[in-house]
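For reference, the structure is listed below as structure tokens.
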Amino acid sequence: MRRLAVSLYVLVVYMALPAMAFAQGGPAQSSAGGDAPTGHDGTITSVFIVAAGIPAVLALLTLIDVARGKHTERHSDH
């Protein structure tokens, strides 16, 4: 279970870093004269995408726990 959690964590970070880099802009984007930014700022979009991914990962982990029988009502009397 720990290996799966680490793998999912790496996957989420691997997907979040490009989204944050895209939202930040980078050297290719420049403003057109004034102090006001031009174009679409993807920061809020990236935050919502990452925030939506967290419950998705938790739901996946819960489904894996249910499939493995961790959340059953049966108690062993051994």
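Please treat every number below as a calculation from the coordinates, not as lab data. Treat the numbers as computed from the prediction; the structure is a model and nothing was measured. Positions of Cβ are generated from backbone atoms using ideal geometry, with glycine treated the same way; all protein chains shown enter the neighbour counts.
Phi angles of the stretch 39-50 translate, via the Karplus equation with coefficients 6.51, -1.76, 1.60 and θ = phi - 60°, into HN-Hα couplings of x, 8, 9, x, 4, 5, 4, 5, 4, 5, 5, 5 Hz per residue; Gly and Pro are given as x.
Sorted ascending by nearby beta carbons within 10 Å, beginning with the fewest, 22, 48 become 48, 22.
As a calculated quantity, the FRET efficiency between residue 66 and residue 45 at R0 = 30 Å, using C-beta atoms, amounts to about 0.40. Phi-derived couplings, Karplus 6.51 cos²θ - 1.76 cosθ + 1.60 at θ = phi - 60°, listed residue by residue for the stretch 51-57: 5, 6, x, 5, x, 5, 5 Hz, with x used for Gly and Pro.
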